[in-house]
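No lab work stands behind these numbers, since they all come straight from the coordinates. If you're wondering where the values come from, they're calculated on a predicted model, not measured in any experiment. When we count neighbours, we look across all protein chains shown, and the Cβ atoms used for this are built from the backbone with ideal geometry, even at glycine.
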């Protein structure tokens with residue numbers, strides 16, 4: 001009981017995750033007469049590479065591990081609430097878009113040039129995740145939202161190793177969505193835009209402080 005009282009703020013994202021999973025499952029299984037196919041010419045120039053399945057799957061422990069840190073280890077609950085609001089905002093917009101604008105992609109290869117363990121993992125991903133409801137990319141949005149939260153976290157300010165690993169993993173996850181043909185460049189761009197918009201909304205103080213600091217630095221350099 002003491003554990004529940006101490007970490008009751010974590011119930012927000014937990015309950016939302018359950019609701020989100022149920023709604024996403026409904027969207028994946030509902031009957032749709034026609035889907036809007038998401039495609040751009042740039043998608044055709046990106047080759048399939050099965051090795052990107054590794055960072056693609058690392059998205060799951062990265063996301064859950066980061067959220068767990070903000071719930072159980074980070075002393076600043078306000079930072080947890082910012083991250084939670086951002087994640088809930090983005091995923092809710094995704095659900096709304098998927099409901100009113102059924103979308104899909106036709107980028108997945110039907111044949112593979114190699115037969116190895118990584119291709120087996122990709123086929124597993126394909127079987128468990130339909131090529132529908134892809135806009136914007138939640139893999140991209142959540143990764144960037146979490147990375148921006150880590151960069152803004154005061155308790156991780158001097159943990160340069162964690163911040164660097166987070167940045168590298170975020171970039172690899174974003175690339176993996178395209179190299180595995182799970183998402184179009186359009187999905188990636190919109191997922192990125194949504195994450196940056198959420199940062200501007202929920203981290204206003206951080207943005208203003210950074211802009212003010214940068215302005216002072218520019219003024220100081222000019223005065224010299």
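Counting other Cβ atoms within 10 Å as a rough exposure proxy, the listed residues 202, 94 run 202, 94 from fewest neighbours to most. Taking the Cα centre of each part, how many Å lie between segment 63-121 and segment 131-159? If you average the Cα positions of each part, the centres end up 9 Å apart.
Using the Kirkwood formula over every pair of different C-alpha atoms, what hydrodynamic radius in Å results for segment 115-161?
About 13.6 Å, per the Kirkwood formula over Cα pairs.
With neighbours defined as other Cβ atoms within 10 Å of a residue's Cβ, the residues 122, 140 order from fewest to most as 122, 140.
Which length gain, in nm to one decimal place, applies between residue 45 and residue 193 when the Cα-Cα distance is subtracted from 0.36 nm times their residue separation? Walk me through the intermediate numbers first.
Details: separation 148, 0.36 × 148 = 53.28 nm, distance 2.23 nm.
So the extension gain works out to 51.1 nm.
Remark: spin-label model distance residue 6-residue 35 equals 4.5 nm, labels positioned 7 Å along the Cα→Cβ axis.
How would segment 73-179 be classified by its alpha-carbon gyration tensor: rounded, prolate or oblate, with rounded meaning a/c under 1.5 and the a/b versus b/c comparison settling the rest?
Values: a/c = 3.26, a/b = 1.49, b/c = 2.18.
It is oblate, given that a/c is not under 1.5 and a/b is not larger than b/c.
Among 180, 194, 156, the residue with the largest mean-square fluctuation in a Gaussian network model of the chain, with springs joining Cα atoms closer than 10 Å, is 156. I need the calculated FRET efficiency for the pair residue 126 and residue 171, taking r as the beta carbon distance and R₀ as 25 Å, to the nearest 0.05. Efficiency for this residue pair is about 0.60. A helix-only calculation puts the chain at -23500 deg cm²/dmol for mean residue ellipticity at 222 nm, using -39500 (n - 2.57) for each DSSP H run of at least four residues, averaged over all residues. Among 181, 85, a tally of other beta-carbon atoms within 10 Å of each Cβ gives an order, fewest to most, of 85, 181.
Rounded to the nearest 10 degrees, the angle from helix 77-100 to the longest Cα principal axis of the chain is 30 degrees. Just one of (i) 1.26; (ii) 1.13; (iii) 0.91 is Cα Rg over 2.2 N^0.38 Å as worked out from the coordinates here. Which one is it? Here the calculated entry is (ii).
Just need the relative contact order of segment 2-218 here, percent rounded to a whole number, with Cα pairs under 8 Å and 6+ apart.
Working: 225 pairs, mean separation 67.8, N = 217.
The value is 31 percent.
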